[in-house]
Structure formats: structure tokens, C-alpha cells
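Working notes for the structure below.
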Amino acid sequence: MRDPDGPKNLVSKLGGEVFDTVMVIAGYFTTEQLGNMSRDEQLKMFEICAIGPIQYVDGLFSSSNLKSGSKVGFITSEGGSMGLRTEREGGGNYGHHGSKAAQNMMCLMLAYDLKPHGVPVVMIHPGFMKTEMTADKYADKYEEFGAVFPHEATPFIVDCVARLELETTGRFVSAMGSKGLGLGYYALKDPENMKPGCDLPW
């Protein structure tokens with residue numbers, strides 16, 4: 001995701017192959033606190049989470065690897081939602097939240113640009129994942145917030161993409177609803193009404 005030539009190299013290997021569905025999954029997360037930040041790590045998070053994914057899809061589109069009717073799904077995060085941040089959760093993790101918010105915004109702009117070409121886009125919060133990336137940061141919150149393994153979230157993610165239509169392009173959704181929303185759960189007033197595939201606040 002950080003290689004400027006990555007998109008070009010990818011499409012050269014694909015040749016003229018055209019895809020019905022493209023899923024973009026890229027993430028990098030370094031914890032930060034006030035007084036303990038790293039510019040290099042922040043830039044790395046932005047490059048991997050926000051800039052790289054958009055440029056790869058742009059490369060696919062520019063090389064005609066996407067057609068009218070193709071669908072594009074981005075795995076993003078509720079951590080990129082300003083509406084789900086609370087004082088109870090607190091601050092910190094500037095690069096993580098900032099890069100995911102940037103990804104959501106850039107994907108929305110991409111959705112507007114791809115719509116006239118018949119290609120819908122959706123941004124998906126997959127759930128609070130039990131992965132190597134979260135284990136050393138949030139393992140103590142797994143039980144409280146209903147963290148799940150990736151294979152448990154996969155059917156919900158697939159469903160979000162399967163139901164994607166041009167008329168609904170540009171949505172930012174929670175694959176599993178309020179379940180597995182992570183720290184954004186603190187901001188919910190009526191979590192029971194947040195069903196799988198529901199919209200999340202920006």
C-alpha cells in the first residue's frame with residue numbers, strides 16, 4: 001500500500017481481467033498518546049489505511065479492470081467516525097482515528113466519481129476483530145464489546161457487498177450492527193435498533 005508503483009504493478013499482472021467484486025482490506029495501527037506521538041507512524045497509517053486503498057482502486061478503474069456493475073467494498077472502521085467518539089472513550093490514537101476518517105471521506109468521494117460509471121462503493125466496519133493487530137491493544141475489552149474472530153464476521157461483510165446497489169453507493173455501514181462495534185458503542189443511544197448492515201454516523 002505504500003509503494004507508489006504498487007497500483008501500476010498490480011494492473012500489469014492482471015492484464016485485461018475484469019472483476020465483478022473488489023474488496024480492499026488494508027490496515028495498520030500504532031497506539032499514541034498526548035506527548036508520545038510519531039510523525040513517521042502517523043504517515044504510515046495514512047498511507048496504508050487511506051491513500052493506498054484509493055490509489056489501487058483508481059488503478060483498477062483506469063486500466064478497465066472494473067466495469068459497469070462491478071462492486072467495490074472497503075474494510076474501514078468505526079474508529080473513523082467522528083459521531084461515535086466520546087469523552088468516555090477519551091482521546092489518543094490520533095493517527096488511527098485520523099487515517100480511518102480520511103479513508104471514509106476519500107471513499108465517499110470515490111463513490112461519487114464511480115457512480116456515473118455504474119460502479120457502487122461501500123465502506124464497511126467489519127466488527128470488533130480478534131486479530132494480531134488488536135490483541136496487544138484491546139484484548140482486555142474483547143468480552144465487554146463482543147469482539148469476534150474474522151471468520152464470524154465474514155458472512156455479514158459478504159452480505160453488505162451482495163446487497164450493494166448503485167442507488168445505495170457511498171454508505172458507511174456496520175456489518176454486524178451494534179454487535180462488535182467496539183468503543184463506538186459508548187456513543188449509541190439505542191443499540192438494539194442498529195441491525196446488521198445499518199448506517200454509521202460519519
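Any read-out appearing in this document is the output of simple, stated calculations on the displayed coordinates, not a laboratory observation. In this text, all values refer to a predicted model and were calculated from it rather than measured experimentally. Note that each Cβ is placed from the backbone with ideal geometry, even for glycine, and that neighbours are counted across all protein chains shown.
Details
- Given charges at beta-carbon only (K, R positive; D, E negative), |dipole| of the chain in Debye: 280
- Of the residues G197, A135, L164, the one whose Cα sits farthest towards the positive end of the charge dipole of the stretch 100-202 is L164 (charges of +1 on Lys and Arg Cβ, -1 on Asp and Glu Cβ, taken about the Cα centre).
- Among the listed pairs K44/K195; K13/K130; K130/K195; K141/K195; K71/K141, those beyond 26 Å (Cα-Cα): K44/K195; K13/K130; K71/K141
- Per-selection metrics, the chain (Cα): Rg and Dmax in Å: 16.8, 50
- Label positions at D140 and N193, each projected 7 Å from the Cα along the C-beta direction, are separated by 3.4 nm.
- Dipole of the chain [Lys/Arg +1, Asp/Glu -1 at C-beta], most positive-end residue of A50, A147, Y112: Y112
- Sorted peptide list for 141-149, 114-122, criterion being average Cβ within 10 angstrom, highest first: 114-122, 141-149
- Taking the charge dipole of the chain about its Cα centre, with +1 at Lys and Arg Cβ atoms and -1 at Asp and Glu Cβ atoms, the residue from H96, S174, P4 reaching farthest to the positive side is P4.
- Protection proxy ranking, peptides 65-77, 83-95, average beta carbon neighbours within 10 Å, highest first: 65-77, 83-95
- Placing one equal scatterer on every Cα of the stretch 138-202 and applying the Debye formula, the log10 ratio I(q)/I(0) at q = 0.12, 0.26 Å⁻¹ is -0.32, -1.21.
- Sparsely packed loop sites in the stretch 160-194 (the GluC sites (Glu not before Pro) outside DSSP H, G, I, E and B with at most 11 other Cβ atoms within 10 Å) comprise E165.
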